Each structure stands twice: as C-alpha cells, then as structure tokens.
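We did not get these values from a lab; they are worked out from the coordinates using the rules stated. Please read all numbers here as calculations on a predicted model, not as lab measurements. Counting neighbours? That spans all protein chains shown, and the Cβs are built from the backbone with ideal geometry, glycine included.
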Amino acid sequence: MTTPEQLAGTLKDHGIRQTPQRLAITEVVINSGDHPSVKEIFERVKEFLPYVTLATVYSTLAVLADAGIVRELPFQKHSRYDANLEPHANLVCVGCGGVVDAALNLTAVADLRARLEQSTDFDFTGQRVDFYGWCPNCANRRDHRARASDR
C-alpha cells in the first residue's frame, strides 16, 4: 500500500501540482488491485471527498497517464486504469468486466516481449496481455443458473 506521503512525492517528482483531489484520485488508482474504471474511481473518491467532480477525475487521470504514473486500459465498454506498469498479464472477467493482475511470474511477459524484440523489426512502445474468462464469483453464479435450469 502506497502512503499519502509517497503519493505526494510521486506527484512532486513528476512536476504535478498537488491538490486534495489529485492526491485522492492517485491514491485510489495506485492502491486498487482491481483496475478501476472512471466511474469506480469517482465513486470511491466521493466517499471521502464529496465535492470532487467527474471532470476532475477525468482530467487527473489524463495527467497521471501522461506522466507515466498509471496506464489507461481501453476496453469496449469503458477504460480501466492500472498502476502496475511492469510487464504482466491481466485476467479479464467476461461476466462482470472485472480486471485483476495475474499472479504470474512477471518475467514470463517480459521474456515474451524480449523474444519478439529480438526476432522482429517491430518498434515496441508497450505491451498488454489480457486473458479472458470467468472470475470465481461469476463462474459460481453461472454454474448455479445452469444447475437451476437443469431442474
């Protein structure tokens, strides 16, 4: 968990003006393991900063992404935000749309990228590895519905 003091230092190191709203938004994104959407970030920040606006959340996320503090993950329905900038794989639930980092040895994705860089003349600017499936909650609900319809 990144402390508010560390977050303030990160913003300062990137030349980003510190406001209570920016610090709160940064804290929510960096300390979330679920790659929150703008709406989720907004709702979480509103719990302790009720006067924050959706426009402030959008503009702050753009500033954080431009500074390389977080990464936007565009999906069909909406974008999500990831503070893990290391090469990794995401697990994306096709039921609820949730996204979490895979508990995978991080070198696997980095090794794949390195092998592709060596074997192609492609100029990489980044990578994103997503695996799609059912999270445990959605899989249980789906199985429960299937069993209920078999009756």
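Note on the chain: helix-only mean residue ellipticity at 222 nm, from DSSP H runs of 4+ residues weighted -39500 (n - 2.57) and normalised by residue number, equals -14500 deg cm²/dmol. Reported to the nearest whole Å, the Cα centre-to-centre distance from the range 45-72 to the range 110-142 is 26.
Footprinting exposure proxy ranking of Glu40, Glu47, fewest other C-beta atoms within 10 angstrom first, gives Glu47, Glu40.
Can you give me the relative contact order of the range 1-84 as a percent, contacts being Cα pairs under 8 Å and 6 or more apart? Relative contact order, the range 1-84: 28 percent. Each Lys and Arg adds +1 at its Cβ and each Asp and Glu adds -1 at its Cβ; summed about the Cα centre, the range 31-108 shows a dipole of about 200 debye. Here Rg/Rh (Cα atoms, Kirkwood Rh) was computed from the coordinates, and among (i) 0.98; (ii) 1.05; (iii) 0.93 the match is (ii).
Could you rank the peptides 30-39, 115-124 by their average count of other C-beta atoms within 10 Å per residue, with the highest value first? Walk me through the numbers on the way to the answer.
Values: 30-39: 16.3, 115-124: 8.7.
By packing density, highest mean first, the sequence is 30-39, 115-124.
The order of the peptides 63-72, 125-134 by mean Cβ neighbours within 10 Å, most packed first, is 63-72, 125-134. For Lys77, the lysines whose Cα falls under 28 Å of its own Cα, not counting residues fewer than eight places away in the same chain, are Lys39, Lys46.
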